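Read through the structure below, which is laid out as C-alpha cells, and then see the notes.
The values are calculated or read from the model by the stated rules, or taken from the named source; none is laboratory data. Since the structure is predicted, the reported quantities are computational estimates derived from the model, not experimental observations. Cβ atoms come from the backbone with ideal geometry, glycine included; neighbour counts cover every protein chain shown.
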Amino acid sequence: MPPVTKKLDSPRERGDLFVISAPSGAGKTTLCRRLLSRLEGVEFSVSYTTREPRKGEVEGVDYHFVSESRFKEMVEAGRFLEWARVHGNFYGTGRDEVIASLEQGIDILLDIDVQGARRVQELFPGAVFIFILPPSWEELEARLKGRGSEDPERVRLRLVNARSELEAVHEYKYAVVNADLYRATEELEAIVLAQRCRISRVLSRPGLLKALKPSSA
Ligand code: ADP
Ligand code: 5GP
C-alpha cells in the first residue's frame, strides 16, 4: 500500500449526499430534525412543494411553498435536481443550492420519496441511501392518524401509497427501524459518521496529508 503522504495534492473535501425515504408517518421528519440538532456540518435541503403548509410549518424552513404554476416554471427552467408527484402534490429538490453546499464540504440531507431517490441514484451513485422503517404497520397507521395533519381521505391515500413505498426498501443501502426514537437517532447518526470516516473523505481534509508528511526524510 502506498504511504498516505505520497499524494500531496489532495482534492478539496466535498460533502456527502444522504437520501432519506420512508412511508408517511414513519418518523422521517422527526429523525432528520434530531440528527440536524446533534451534528455539525450537515444541512437539510429545503424542498419546494405545492402542498398546503401544515400548522406550524414555516416557509423556507420546512419547505418552500409554491403554486403549481410556479413549480411548473421551475421544472421548465431546470431548477430541480429531481422532482416527483407524491400523494397528489408536487415536490422538488433545488439543484443549485444542493450542489453549492456539497462543493463547500457540507453534508446534505434529502428527505425525498422513493421516485426522487431513484433519480438521485442515477445522478449521484455515491450518495448514501437510508430507509426509515416503522416498527409495524399498526404503529405506522397510529402515528399518521395521531399526527392529525391530514384529513381521513388523505391519510387513507398515504396508507395506500405506503404499501408500495415499503417494497422499495430493498433499493436502499441502510435501514433504520424507528421504534425507540433515541436509538433510531443514534443509528442514523452512526451512518452519517461512518460515511465521514471513509478513507477518501478523511484524506481529502484540507491540510491533513501535508501535516502527515515527515519533516525529515
Ligand atoms: P414522517 O415525516 O415520516 O411523515 P413524522 O416525523 O411527521 O413522520 O412522524 C409522524 C408522527 O409520529 C409524529 O406525530 C411524530 O411525533 C411521531 N413519531 C415519530 N417518531 C416516533 C417514535 N419513535 N415513537 C413514537 N412516535 C413517533
Ligand atoms: P410530506 O407532505 O409528508 O411533507 O411529504 C410527503 C412525501 O414527499 C415524503 O415521502 C417526502 O419524503 C416527499 N418529499 C419531500 N420533499 C421532496 C422532494 O423534494 N422530492 C421528492 N421526490 N419527494 C419529496
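Structure values in brief
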read-out	value
Hey, Pro152 surrounded by fewer than 13 Cβ atoms within 10 Å (Cβ to Cβ), more than 17 Å from Leu31 (Cβ to Cβ) and within 15 Å of the chain's Cα centre (by Cα) or not	no
Of all residues making up segment 194-217, the number that are free of Cβ contacts under 8 Å to residues at least 40 places away in the same chain and on the phi < 0 side of the Ramachandran plot	10
Count of segment 19-52 residues which are away from ligand 1 (no atom under 15 Å from the Cβ) and either farther than 27 Å from Ser136 by Cβ or crowded, with 20+ Cβ neighbours inside 10 Å (or both)	8
Filtered residues of segment 11-52 (kept if of a type in the set (Phe, Trp, Tyr) and either near ligand 2 (Cβ under 10 Å from one of its atoms) or in a loop (DSSP other than H, G, I, E, B) (or both))	Tyr48
Some residue of segment 177-189 being under 29 Å from Phe65 (Cα atoms) and of a type in the set (Phe, Trp, Tyr)	no
Residue in segment 53-61 that is touching a strand residue (DSSP E or B) at 6+ places or on another chain (Cβ under 9 Å), crowded, with 16+ Cβ neighbours inside 10 Å and over 15 Å from Ile20 (Cα atoms) present	no
Any hit, segment 96-113, residues being within 11 Å of ligand 2 (Cβ to nearest atom), among the small types (Gly, Ala, Ser) and either touching a Cys at 6+ places or on another chain (Cβ under 7 Å) or outside any loop (DSSP other than H, G, I, E, B) (or both)	no
Complete set of residues in segment 120-148 that are within 21 Å of Glu171 (Cα to Cα) and either in a strand (DSSP E or B) or over 16 Å from the mean Cα position of the chain (by Cα) (or both)	Val128, Phe129, Ile130, Phe131, Ile132, Leu133, Pro134, Pro135, Ser136, Trp137, Leu140
Number of the condition not met by Val192 [criteria: (1) surrounded by fewer than 15 Cβ atoms within 10 Å (Cβ to Cβ); (2) modelled with pLDDT of 95 or more; (3) more than 16 Å from ligand 1 (Cβ to nearest atom)]	(1)
Selection count, segment 102-124, where residues are out of contact with any helix residue (DSSP H, G or I) (no Cβ under 8 Å at 6 or more places or on another chain) and either over 10 Å from Leu17 (Cα atoms) or aromatic (Phe, Trp, Tyr) (or both)	9
Matching option when the condition is within 12 Å of ligand 2 (Cβ to nearest atom) and either surrounded by 13 or more Cβ atoms within 10 Å (Cβ to Cβ) or not in a helix (DSSP H, G or I) (or both), among Ala117, Ala175	Ala117
Boolean, Val66 is within 25 Å of Ala190 (Cα to Cα), at pLDDT 95 or above, away from ligand 1 (no atom under 16 Å from the Cβ) and crowded, with 17+ Cβ neighbours inside 10 Å	no
Top-ranked residue in segment 73-95 [being within 16 Å of ligand 1 (Cβ to nearest atom) and not in a strand (DSSP E or B); ranked as farthest from Arg205 (Cα to Cα)]	Gly88
